[in-house]
Amino acid sequence: MLLFLAATLTLVLIPGPNHLYIAARGLAQGRAAGLASAFGVEAGTLVHIVAAAGGLSFLIAQSATLFGVVKWAGVAYLVYLGVRTLTSKDELTTRTAEPQPLRKVFLEGVLVNVLNPKVILFFLALLPQFVDPKAGSPTTQIVLFGATLLVLGLLSDIVYAFTAGALSGRLAKRAKQLRYFSGIVYIGLGIATAFTGRRAV
């Protein structure tokens, strides 16, 4: 467990797609949206934990077709978010505009994480190395390790959400730049996901 904590903490501290997504949301709409996206992302982690415990992640990684479906669905959704943000009106990112419902922000965070093939491969490449059949139920161990990752990830996400939210208040007058930044981040994440390779375990 100590070794897993060290490895997971190292990975969590390295900025990744989830952090960029949360930062983009926080910059565009403020702290509340950043936090909503952070909790949405980690709710997506719950889906991965259940899938890994049930063997679904392994099935997807072993099947080129299923993996491709998940991968390109994620790419399409991220690019869609980017195009929608770039083509929206600047007033959507100002304080006086009607904010996007936090429920929608939360659900988008869930989808971004659930459709991220990198997360699936993380559960397949890292978790199995720490599961010891002699230590008890493998399913229980996967859930425990997954929950540990979720907690550490959530703490990191909250830091990004608060930081982006604070910057959003100071940069509220630069709505156009924030809109472009957010849109480019989403599209960039989609492109990065498109180049994610398939790795069988």
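Just one of the numbered conditions (1) modelled with pLDDT of 85 or more; (2) over 22 Å from I191 (Cα atoms); (3) of a type in the set (A, V, I, L, M) is not true of L2: (1).
Could you count how many residues in the stretch 167-201 are modelled with pLDDT of 75 or more and surrounded by fewer than 17 Cβ atoms within 10 Å (Cβ to Cβ)? Here the count works out to 6. Residues in the stretch 7-16 that are assigned to a helix (DSSP H, G or I), modelled with pLDDT under 80 and open to solvent by 50 Å² or more (accessible area, probe 1.4 Å): 3 in all.
Selection of the stretch 116-149 for residues being among the aliphatic types (A, V, I, L, M), open to solvent by less than 30 Å² (accessible area, probe 1.4 Å) and closer than 16 Å to G40 by Cα yields V119, L149. Among the residues making up the stretch 93-133, those that are basic (K, R) and at pLDDT below 80 are R95, K118. L27 falls short on exactly one of the conditions (1) more than 18 Å from V159 (Cβ to Cβ); (2) surrounded by 22 or more Cβ atoms within 10 Å (Cβ to Cβ), and that condition is (1).
With respect to (1) hydrophobic (A, V, I, L, M, F, W, C); (2) at pLDDT 75 or above; (3) surrounded by fewer than 14 Cβ atoms within 10 Å (Cβ to Cβ); (4) farther than 23 Å from L154 by Cα, the lone exception for W72 is condition (3). What are the residues in the stretch 43-68 that are more than 14 Å from the chain's Cα centre (by Cα) and either modelled with pLDDT under 80 or open to solvent by less than 10 Å² (accessible area, probe 1.4 Å) (or both), if any? Result: L56, S57, F58, L59, I60, A61, Q62, S63, A64, L66, F67, G68. Among residues that are farther than 19 Å from A192 by Cα, of a type in the set (G, A, S) and without any contact (Cβ under 8 Å) to a residue 60 or more places away in the chain, G136 is included. Kindly indicate whether any position in the stretch 33-42 is under 21 Å from L144 (Cβ atoms), open to solvent by less than 40 Å² (accessible area, probe 1.4 Å), in a helix (DSSP H, G or I) and at pLDDT 85 or above. Yes, some residue in the stretch 33-42 is under 21 Å from L144 (Cβ atoms), open to solvent by less than 40 Å² (accessible area, probe 1.4 Å), in a helix (DSSP H, G or I) and at pLDDT 85 or above.
The values are calculated or read from the model by the stated rules, or taken from the named source; none is laboratory data. Given the structure is predicted, the values throughout are model-derived calculations rather than measurements. Heads up, the Cβs are rebuilt from the backbone with ideal geometry, glycines too, and the neighbour counts pull from every protein chain shown. To get the accessible areas, we keep the full protein, side chains included, count just its heavy atoms, and leave off ligands, DNA and RNA. Shrake-Rupley method; radii C 1.70, N 1.55, O 1.52, S 1.80 Å.
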